[in-house]
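Trainee: Okay, handing you the structure first.
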């Protein structure tokens, strides 16, 4: 078809085909046994970059050479989120169907900014987000839009709330305006940092992000929320946004959505629900009681790339006010106008957020939902919760460890508290646990992370599609053995 | 290795392997001959979604069925950015090495928020952006960070400029503060809409984004910029940011960077350069004179996903003030603290933007640069410019068409102006050209877009890795034949 001279155009596609087969085999082998690698990369800062040329090659290099370097230089510097012993942060994995979706998406390489620039990308996004809405038993009149991650989804929700104030902030901005009230947002002390980052990016100021205290279970204290709102109103502030979380980052606490919804209604606040991680548990009928009140939210985020086996990145922002979102963000230069857009016959997703360029992300989610089925996804999430509950039981039964928060989902917050250290006070226990964390992670056998829940807390999160009983048992054994060595040596330094 | 029950865990990886081979073949065939498809999807709104089930499947479905639906239902709804006759917007293609990079990135599925969460991802990002900086002959002390797209890069640049004002906007916000000046930004009438969107997202207000008039070549008029700044200062505004563009969206005009740099220095503005598309031309020594003055910029964006054959998404924001970027965006909750981060022994890229979650995007860029080589990339970009110049010559030599802007890069702005229509005035010519656009796009043979350059303008952009002489010639022929039919029928409606 082409009279392209060989030195221009695409690379030789037979070479692509051969390397492609090779990499499919590599991926299959890798996903079959990621345990061949240490879970946390065992390298020092600078180790990887030191092995690579400081300048780019002038001439083309064979794919085979690049793949060899990938295996020999890059791979030893990877931390393996696919490893079944990855228990850190929110343990997140993709899945093989999602990988195939990304392969196709990269090959098609479309920008779905407009319906016209790939109708199927827009329509599959609408359809798949409608499926997900059904799967999570969310209100069926909500509309979704795919964002890259929850940082963006949270920020966009705040921006929509700001637009809903009708204070002409879009047109006139906020700086130097005598007519604007001081705006305030409410989150909990346990809300994710991205909500705060979204607010400061939007020019609302960190000081105006009020962090409401939490109860003994690390859930937002609705009474304290009301007190804070009343105090701010009395001081002349304008409260406009509140965020409740289903599954906080530190301990997967669940904020009291109904009570927050009541206050949001009373004080006319935009009510946003951050379900980036925990929203996925709505797949399970037995978890849905936690979501009571979500139907009164103005927006909600859930991230299929966190706990629905969809490769990073894919976050979904749902809202019952899509027109407000569009009013906040739509800009239509001549070069993006289309007849079908002018006629409002289609949805152009570029109108619903900051980003004009939009990858074809819906494809991988559609493939994941179909390849596992709604029941299959639910079964996996249920199993992860079961594994975490089991680990929590072991902690509770151990004289050397204690749990630091309820285990409502698949994340266990705990610490070592051996009898010989308890008399030394909290600082010593904090130090012991920090050293325990470093020691178990340094083995390369497991990767856990930490947080602060009044005291220093270890976190073990189950969310990896390959994690089984065996892995959780081995993690528990490693923690116990390592602690015993610490205790036997009479010091925290092991 | 695993005692997973078959009904949980990952899908069967032998099935993945077989489907993977099949899809590698499919991608190779597709990229060999995207011309088997109409370039612009020939479907009506709703055609695709109507063919898909309205509810998700309860049970898992075989990969083979999903792939069949992809081919039979999704593909007919795609607009083919890979088609060599895709001349719309900024024609952008990925490439086979980039597709392999995305395959690996999806399989690894890491989140590079922290160095620790995959050291090689962080270090390869640093290295590859340093390579790119060298390739584009940009100042070697600039530091880069990968963003998803230029909308985000532009917004982040404005946010850094806002932080550099030292007005405590991060902490105190902007609403209701009597001590804040009214902030103003300067772009040109031809700047990309994303700069304006970034400003309004940040709460700066559309009215404070001052669109400076352009000269006859659609480049920012530096004298008008100075006049606007002086007028704003006299009126009590605080100018703080100016954006110059290398390759505007409508006509790839090039703003006078040196003159803007002079004014930015004089008035202490943050000087941002939007080279999302045109920045890539710095690969060519013969184009570098256009970049004189860029070395005095505070930040610059260039998008390898636009004209460097890297699959969407990958935008790079360079700045000589990385500490300001970090001051604007870094938030460090306990659960993201690491020993190496606290010691400042590593770069944690989450600190340099809004998004916490970060895909392993550097991998595909590293593979693209190596697979084509610096010279190979430059040769392709040079060829695209040559093809566009050739098309521009045909327009200039035709009695029926005229060029509407200089062709400095690979994008030709032109319109039909047959003698029989000229007497009918501008409105008739606008209508004729809009109808010509629709008619040629409806053939499925080519896809071009339009803009407004005082009058309605057609745009033909060459940037696809598969586009050759033959394609550009055929596009020219189709435009001429279609116009002739219009003229012969005596009306614009064809």
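Computed from the coordinates by the stated procedures, all read-outs in this text should not be read as laboratory data. Fair warning: this is a prediction, and the values are worked out from it, not measured in the lab. In this analysis, Cβ positions are derived from the backbone assuming ideal geometry, glycine residues included, and neighbour counts consider all displayed protein chains.
Trainee: For q = 0.10, 0.15, 0.16 Å⁻¹, what log10 I(q)/I(0) does segment B:369-488 give under the Debye formula with an equal point scatterer on each alpha carbon and no solvent?
Mentor: Debye curve over Cα of segment B:369-488, log10 I(q)/I(0) at q = 0.10, 0.15, 0.16 Å⁻¹: -0.32, -0.66, -0.74.
Trainee: With the alpha-carbon atoms as the only input, what is the per residue convex hull volume for segment B:221-281 in Å³? Numbers along the way, then the final one.
Mentor: Details: hull volume 5.1 nm³, N = 61.
Hull volume over Cα atoms, normalised by residue count, gives 83 Å³.
Trainee: Translational diffusion coefficient of chain B at 10 °C, 1.306 mPa s, Stokes-Einstein with Kirkwood Rh over Cα pairs, in µm²/s as a whole number. Numbers along the way, then the final one.
Mentor: On the way: Rh = 24.8 Å.
Rounded, D is 64 µm²/s.
Trainee: Which percent of the Cα-Cα distances in segment B:111-359 go past 32 Å? The partial results should precede the final answer.
Mentor: Details: 6178 of 30876 pairs.
Value for segment B:111-359 (Cα pairs over 32 Å): 20 percent.
Trainee: Hey, another quick one. For every helix of n ≥ 4 consecutive DSSP H residues, a contribution of -39,500 (n - 2.57) applies; sum these over the protein assembly as shown, divide by its total residues, and give [θ] at 222 nm rounded to the nearest 500 deg cm²/dmol.
Mentor: Details: 32 runs with 404 residues, N = 988.
It lands at -13000 deg cm²/dmol.
Trainee: Relative contact order of chain B: what whole-number percent is it, with Cα pairs under 8 angstrom and at least 6 residues apart?
Mentor: Numbers: 833 pairs, mean separation 103.5, N = 494.
Computed over chain B, the figure is 21 percent.
Trainee: Let me ask something additional. 7 Å from Cα along Cα→Cβ at both residue B:47 and residue A:327: what's the point-to-point distance in nm?
Mentor: With each label point 7 Å from Cα toward Cβ, the separation is 3.5 nm.
Trainee: Using the alpha-carbon centroid of each, what span in Å lies between segment A:280-295 and segment A:315-373?
Mentor: The two parts, judged by their Cα centres, are 26 Å apart.
Trainee: Taking the alpha-carbon centroid of each part, what is the distance from segment B:192-256 to segment B:1-78 in angstrom?
Mentor: Each part's Cα centre sits 45 Å from the other's.
Trainee: Turning to a different aspect of this structure: Taking the convex hull of the alpha carbon atoms in the protein assembly as shown, what volume per residue do you get, in Å³?
Mentor: Hull volume over Cα atoms, normalised by residue count, gives 152 Å³.
Trainee: Once you put a point 7 Å from the Cα of residue A:33 and another 7 Å from the Cα of residue A:473, both along the Cβ direction, what distance in nm separates them?
Mentor: Result: 2.1 nm between the two label points.
Trainee: What is the antiparallel percent of DSSP beta bridges lying wholly in segment B:111-359, to the nearest 5?
Mentor: Close to 40 percent.
Trainee: Something else now. Work out the FRET efficiency for residue B:489 and residue A:344 from their Cβ-Cβ distance, taking R0 = 25 Å, and round it to the nearest 0.05.
Mentor: Using R0 = 25 Å, I get an efficiency of 0.20.
Trainee: Sort shortest first the distances from residue B:490 to its counterpart in every other copy, using label points 7 Å along the Cα-to-beta-carbon line, and give them in nm.
Mentor: 11.0
Trainee: For residue B:427, which inter-copy label distances result when the label point lies 7 Å beyond Cα on the Cα-to-Cβ vector, reported in nm to one decimal and in ascending order?
Mentor: Shortest to longest, the spacings are 8.3 nm.
Trainee: Relative contact order for segment B:369-488: what is it in percent, counting Cα pairs under 8 Å that are at least 6 residues apart? Let's see the in-between values first.
Mentor: Details: 141 pairs, mean separation 29.4, N = 120.
Rounded, it is 25 percent for segment B:369-488.
Trainee: Next question. For segment B:83-217, what is the convex hull volume of the alpha-carbon atoms per residue, in Å³? Walk me through the intermediate numbers first.
Mentor: Details: hull volume 26.2 nm³, N = 135.
Expressed per residue, the convex hull around the Cα atoms of segment B:83-217 is 194 Å³.
Trainee: If you don't mind, there's one more thing I want to ask. Can you give the relative contact order of segment B:94-217 as a percent, counting alpha carbon pairs under 8 Å and 6+ residues apart? Mind showing how you got there, number by number?
Mentor: Numbers: 86 pairs, mean separation 21.8, N = 124.
With pairs under 8 Å counted, the relative contact order is 18 percent.
Trainee: Would you mind checking the radius of gyration and Dmax of segment A:12-133 based on alpha-carbon positions, in Å?
Mentor: In Å, with Rg to one decimal and Dmax whole: 18.4, 50.
Trainee: Could you tell me what fraction of 2.2 N^0.38 Å the Cα radius of gyration of segment A:285-353 comes to, as a two-decimal ratio? Write out the running numbers ahead of the final one.
Mentor: Values: Rg = 16.2 Å, N = 69, 2.2 N^0.38 = 11.0 Å.
Against the empirical 2.2 N^0.38 Å value, I get 1.47 for segment A:285-353.
Trainee: Taking the label point 7 Å from Cα in the Cβ direction, how far apart in nm is residue A:54 from each other copy of itself, listed shortest first?
Mentor: 6.4
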